[in-house]
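Note sheet for the following structure.
Just so it is clear, none of the values below were taken in a lab; they were calculated from the coordinates. Remember, predicted model here, so these are calculated numbers, not experimental data. As a convention, Cβ positions derive from the backbone with ideal geometry for all residues, glycine included, and neighbour counts pool all protein chains shown.
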């Protein structure tokens, strides 16, 4: 077996070549790979003996030569064998190649580094070997070495099924690589999304079903180790399609808060959010905001989940818990709830574009952010420090509720949430109904402007003490005038936070 090796990542390469040495007759290697393996005592031939040059253009050209590619692409028929024999070109049976680390270079933002880390020869070797998988074994990642070595030692050959899997892995790597280059250079060179947009997902797996049992569902990761798609499962049943959607909403909500905060999520909308001095107290208050809806909910935390937190859910049905960490004591207690899914997720926002499917296509946008430039008082006496804190808290929560949404908050905890309504007054009625007497003295956040002043009248009659909203309605003057008449401080953020 003749082997061609040209790798950037040299991890475990020499050990692998030594492990399959009984099956190898010749090894050819390019520049740095040749020096690496021969320094480790492996006999090899520099590909310069085939191409007639060490490298060209400072290393930009090393393997791009008919002597290399004809030996990879040969279909092993009589014509191919004669043509290669006439030119004294070898036929390669295995190609080991991995690529320059373009994505690492892209993280630096240095255009020169990005350009120089666009692999040309490596990607060509990869595609050629994968194309001819029936005759050539293509290894594109060091994590494949152990499996291939074991199969050689057991069977003295590599099965066609394994060759096909290795080829598909190589083509996937090539696709990922090209997408990374295209997207990174588009942002660098033109500063925006171009006319073509490509998605890539890794480690895909089929779920039991989608939103409903008759729908198929799948989940893919971006491979970063961050966010819900990459969450570390500690215990519990497999996550469903709906669990993943709700968990992502709970995770996105908790990211907006710095003080100890707990989020209780149901059907992709918060039903209780609270802050406190401890995470346990925050959870207690978040559950109390809407105990009925908390049944069968998903909960997220921005502090370590501890024993005291468990005590609040001991007798509750909870579907999923999300936290950056867990105490050992809490983990032992959580084992009592065998079906409860427990996820460990680092609290890092994903600033990549958000993508949603529509019929025959998809739509793309930046991540929703609830931060705003200025809080502008439009009516009444300025709020005190506590009320301002509650207004900002309510604003963060309403940005994660399905539109139309209205949120009532008192003392750092939600007391009423109306979300997913077709009119804003209905959203407000829902929030007030849920809050009951707790609405008196609470502040109100609306995710978009009030189209009519009836919202202000209902808020006032329910005892709301202050309002935060984007502003921007053609009837803003009427709404402001009504708030002034009723003595309610009203603040504008100048920013809408719709969530559909």
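List of remarks:
- Degrees between helix 476-486 axis and first principal axis of the chain (Cα, 0 to 90, nearest 10): 40
- DSSP beta bridge pairing in the range 376-492, given as percent antiparallel to the nearest 5: 65
- Neighbour counting of Cβ atoms within 10 Å sorts the residues 151, 238, fewest neighbours leading, into 238, 151.
- Nearest 10 degrees, 0 to 90: helix 241-254 Cα axis against the chain principal axis: 70
- Using a cutoff of 8 angstrom between alpha carbon atoms and counting only pairs six or more residues apart, the relative contact order for the chain works out to 8 percent.
- Between residue 83 and residue 48, the contour length at 0.36 nm per residue exceeds the Cα-Cα span by 10.6 nm.
- Segment residue 222..residue 238, full-extension length gain: 3.8 nm, with 0.36 nm per residue of separation and the alpha-carbon distance subtracted.
- Mean Cβ count within 10 Å, highest first, over the residues of peptides 360-370, 253-263: 253-263, 360-370
- Cα-based shape type of the range 376-492, given that a ≥ b ≥ c are square roots of the gyration tensor eigenvalues and the cut on a/c is 1.5: rounded
- Across the range 134-220, the relative contact order, built from alpha-carbon pairs under 8 Å that are at least six residues apart, equals 19 percent.
- The angle between the Cα long axis of helix 160-189 and the main principal axis of the chain comes to about 60°, on a 0 to 90 degree scale.
- Each helix, a run of at least 4 DSSP H residues, gives -39500 (n - 2.57); summed and divided by the residues of the chain, these come to -11000 deg cm²/dmol at 222 nm.
- Exposure proxy for 79, 265: other Cβ atoms within 10 Å of each Cβ, ordered fewest to most, give 79, 265.
- Neighbour counts of other Cβ atoms within 10 Å put 378, 438, 335 in the fewest-to-most order 335, 378, 438.
- The Kirkwood radius of the chain, taken over pairs of alpha-carbon atoms, gives through the Stokes-Einstein law at 25 °C and 0.890 mPa s a diffusion coefficient of 92 µm² s⁻¹.
- Length gained when the stretch residue 267-residue 195 is fully extended (0.36 nm per residue, less Cα-Cα span): 22.5 nm
- Inter-label distance, nm, simple model (7 Å from Cα along the C-beta direction), residue 160/residue 485: 8.3
- Per-pair calculated FRET efficiency, R0 = 25 Å: residue 352 and residue 143 via Cβ, rounded to 0.05: 0.50
- As a length-normalised measure over Cα pairs under 8 Å and 6 or more apart, the relative contact order of the range 238-344 settles at 23 percent.
- Percent antiparallel among DSSP beta bridges (both partners in the chain, rounded to 5): 55
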